[in-house]
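K.L.:
What follows is a structure written as structure tokens; I'll ask about it next.
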Amino acid sequence: MLTKERWTKVLAALPDEDLRKSLDAQWSKRPDRSSVDKWSEMIDAVDRKAAKRGSKFGLSTFERDMMLQFVYPRLDENVTTHLNHLLKSPFCIHPKTGRVCTPIAADQFDSYDPMEAPTLAQLLREINATSGQGNGATGVSAMTEYIKIFEEFVASLGPVNDSQGSSIQKQNSLDF
């Protein structure tokens, strides 16, 4: 919000025209104020206006709405609305690349390379290679590391309770 062009975009989202004009005039007089100062002034002004009018004018949710609009990552509409875009789910398969959607350990985020994620074809080759070794053939697979990351994440969530509040015994494996 360092330039008039930028703060005008933010102010355009305000549902109150008087408030927009007042803040724009205030910031135009002192354009050198920091974005943090302008943000604080805007939120304080919105809070005062919302307290006077009540929440029926949409000012009570303004700060949250602004953060969602300007700060949070933007997602492609197709990714969030079409069922074939399930990359939010661990271990689903991307329809075009055939790569497995793998969980990422938080401390490995910067070094993660999505092109190294296993493919469905690779997993099928592993299954076919071990199919002659009898039922229950186990070993290291392209999924071992990712399953371990997911199991550690699930374990970190704590005990699971059923709808009556009774603790459900954990299984030793994610096999099903």
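K.L.:
Taking residue 66 as the residue in question, decide whether it is part of a helix (DSSP H, G or I) and at pLDDT below 85. Don't jump to the end; show me each part of the working.
P.N.:
Working: part of a helix (DSSP H, G or I): yes; at pLDDT below 85: yes.
For residue 66, the condition - part of a helix (DSSP H, G or I) and at pLDDT below 85 - is met.
K.L.:
Filter the stretch 18-48 for residues that are of a type in the set (Val, Ile, Thr) and surrounded by 15 or more Cβ atoms within 10 Å (Cβ to Cβ) and give the result.
P.N.:
Filtering the stretch 18-48 for residues of a type in the set (Val, Ile, Thr) gives 36, 43, 46.
Of everything in the stretch 18-48, just one residue is of a type in the set (Val, Ile, Thr) and surrounded by 15 or more Cβ atoms within 10 Å (Cβ to Cβ), namely 46.
K.L.:
Return yes when residue 74 is basic (Lys, Arg), part of a loop (DSSP other than H, G, I, E, B) and at pLDDT below 80 and no when it is not. Show your work before the answer.
P.N.:
On the way: basic (Lys, Arg): yes; part of a loop (DSSP other than H, G, I, E, B): yes; at pLDDT below 80: yes.
Judged against the criteria, residue 74 is a match.
K.L.:
Same structure, new question: Please state which of the following conditions residue 15 fails to meet, knowing it meets all the rest: (1) at pLDDT 85 or above; (2) surrounded by 13 or more Cβ atoms within 10 Å (Cβ to Cβ); (3) part of a loop (DSSP other than H, G, I, E, B); (4) not hydrophobic (A, V, I, L, M, F, W, C).
P.N.:
Going through (1) at pLDDT 85 or above; (2) surrounded by 13 or more Cβ atoms within 10 Å (Cβ to Cβ); (3) part of a loop (DSSP other than H, G, I, E, B); (4) not hydrophobic (A, V, I, L, M, F, W, C) one by one, residue 15 breaks only (1).
The values are calculated or read from the model by the stated rules, or taken from the named source; none is laboratory data. As the structure is a computational prediction, the values presented were derived from the model and not from experiment. In this analysis, Cβ positions are derived from the backbone assuming ideal geometry, glycine residues included, and neighbour counts consider all displayed protein chains.
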